[in-house]
Structures are given as structure tokens and as C-alpha cells.
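The values are calculated or read from the model by the stated rules, or taken from the named source; none is laboratory data. Predicted, not measured: the structure shown is a model, and the values here were computed from it. Methodologically, a virtual Cβ is constructed for each residue, glycine included, from the backbone with ideal geometry; neighbour enumeration extends over all protein chains shown.
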């Protein structure tokens, strides 16, 4: 039996994807891939239309920075490490460099491919702007920036100080955004000089700070967080036994739970509301809403497909938000305390539907707001009305049936 760290990495990676395969099948059966492909073709058609009707004042550089910076800076690292490894793998820490090389290769190749795809999507727009680089030159420069970010993200992981780690991450994003802007607009030598000076300064700063040789706890926490996100996504389609979820105090959202009356019949409403507000699910929904608002503003301001494309984008993000909120149906179903405390278990479904309805309506209002303003200003009143009406039909008529179906597969309800 091969006990090398390379074989350990391979076996853990295979085990993760083998365990995920049934949930991927459920996701495929839900129709999400088909809808995604249709939306992709619609987006490509809208992009082609935009390229043929570009205004003179179009912000080429700003769009490029907003589009490319996140994918260049985003540098995840799957290590497949678990908490028990603190005991069983620490004695082999001297061999973990080989283990990490597998992780860097696995994530680096995927990240480079995603960056190249994003860059290829932006290139037709770049060719209309003030850029001075050839397509291959821009692609090579962006991939070098990606390599710098992968290295910088690893240096951040080994830092001892949490505040230093966060500060360097923020600084890296800012420096990368400026670097992308310089590549898209300024002379080549100026952009290259800026990037080289930035890399040297970062290397100097990193070398001055205390760091771990191998950040066990940081890597284990990152891997656990990634697994929870996969479980949260898969739980939108079927029952997924999940690990314990850490609680995040979001003070800016806690006031929402204050509207729940302190009564026995509202116990599950209070529970599901705080589950949404204080877990990873809430963070996913917030980020999705932010992306939806920005996408809606761009689509509505450009009057995509005479406003109908913007209305479709509004409905798309309402639907995507609903998919994530469906994970609430899987929350607490395996908890023992439900059978211990004297609470009316039959009220769980009504509480779930109530919390989901309020959250979906708030999300719909936030997503529709830029469409309501920008489409109306351009005279696309009908499109704005269709967007909100179709979203309300989905939230009030279609979603409750889906939630009831997800809730009904709970094996504990048979007791």
C-alpha cells in the first residue's frame, strides 16, 4: 500500500469528487445546466449586440478592471486537509511540500484556465478601446498577474497575524486592479515597471513579517469552508448531511430578526431567520445580491435587447437567489434538539415558508430596484413591470411548491 503524501493527496481528491457525484447528478436533473447554457447563449448574443452599438464614451478600462480583477485575484487552494491531520500528518510536515505542489498544480491550472477564458471574453471589447497590447501580449500579462496573485495569496496564508493577512489581501486586490488598468490603457513599459516594482515591494514586506512554516490551521479552516459551500449549494437540490456550520455575527442584519414576536409559535421562525442571517448561506445570498444589482444596473442602463434582456437578468438573479435560499429546507433536519424541546414540530414547514417568502421578497425588491429606475427613465416601463410581475409569480406561486417538495423528503418526518 502506497503511503506517500502524493498518493494521499490523490486518494482524498478522488474521494471528494466520488462523494459529490450523486449530488451533481441531482443538480443536472434539476435543469440548472440547461438553463445556464441558454442564458450563456443569450448573454453572448447580447454581448455581440453591444459590440456593434458601442457609445463613444464607453468605459472600456473600467469594465475591464471590474471584469478581470476578481478572477485574477481569486486564488483558492484545495488541500483536502481535515482536523485529524493535526495529529496524524504533522510528523510528516517535512514531506508536505510535495503535497502542496499537487494542490498548487491542481488549483493553479484551473485558475489560469478560468483567467484565460475571462480574458478571451473581454478581448473583443478591448480591441475597440484605447488598448495598446496585442491579444496574446495581454493574455500573457494577465496570466503573469495571476501567478503573482497565487504566490501572494500563499504568502498571506503563512502570516501569523490575522490583521496583517487581511491587510495584505486588501492591498493585493488594490494593486492588482491598478495593474490591470495600466495594462489596458497605459504604455506597455509603464505597466510592466509598475507590476515589477509592486512584486518587489510585496516580497520585501512579506519577508519582514513573522510567518508559519506550514499553516495547518489556516489550510484546514479554508478546506472546511470550501466543503461547506459545496454542501450549501448541493443542499438546494437534495438532502445533504452537512458538517457543523460556524456562526457569523452580521450586526448589520440582526435588526431584521427583531421584527419576530417573542412567542412560542414563532420559535422556528426565529430559528430559520437566524440560520439565514448568521451562517454561510447568508453570505452567499448577500454576494449574489451584490452581483445581481451590478449586473442589473449595467443591463438596464444599456437597455439590453430593448429592456427585455435586462428584465430577464432580473428574473435570473431572483431565480438564482431562490436556489440558494432553498438550502434552508435542509437546515436542522438532523438536529437532535427538535425531539428534546417541547416545540410543535409540525410548525417547521410553515415557519420555513414564512422566512423564505420574506427573504425572497426582500431580495426581489433589491434586485428589481435598478431596473425600476433605469428602465423607466429610458421609457421601458412595460419591461420593468414584466420583470417584477414574473419575479413575484416565481416567489409567491412556484417557490412554495418547491420548498414543500424539498421539505417532504425529510426522513425524520416519518417518526
Any residue at all in the stretch 285-296 that is in a helix (DSSP H, G or I), in the same structural domain as residue 323 (by TED's automatic domain parsing), modelled with pLDDT under 75 and more than 24 Å from residue 50 (Cβ to Cβ)? no
If we scan the stretch 150-172, do we find a residue that is touching a helix residue (DSSP H, G or I) at 6+ places or on another chain (Cβ under 6 Å), in a helix (DSSP H, G or I) and under 22 Å from residue 59 (Cα atoms)? no
(1) crowded, with 21+ Cβ neighbours inside 10 Å; (2) within 15 Å of the chain's Cα centre (by Cα); (3) at pLDDT 85 or above: which one isn't true of residue 307, the others all being true? (2)
Kindly indicate whether residue 317 is out of contact with any strand residue (DSSP E or B) (no Cβ under 8 Å at 6 or more places or on another chain), at pLDDT below 80 and under 30 Å from residue 49 (Cβ atoms). no
Collect the residues in the stretch 45-68 that are farther than 16 Å from residue 306 by Cα and either in a helix (DSSP H, G or I) or within 22 Å of the chain's Cα centre (by Cα) (or both), keeping them in residue-number order. 60, 61, 62, 63, 64, 65, 66, 67, 68
Residue 214 fails exactly one of the following numbered conditions: (1) touching a helix residue (DSSP H, G or I) at 6+ places or on another chain (Cβ under 6 Å); (2) part of a helix (DSSP H, G or I). What is the number of that condition? (2)
Can you confirm whether residue 233 is outside the structural domain of residue 404 (by TED's automatic domain parsing), farther than 29 Å from residue 275 by Cα and either assigned to a helix (DSSP H, G or I) or at pLDDT 85 or above (or both)? no
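Could you run through the stretch 69-107 and say how many residues are part of a loop (DSSP other than H, G, I, E, B) and farther than 30 Å from residue 117 by Cα?
4
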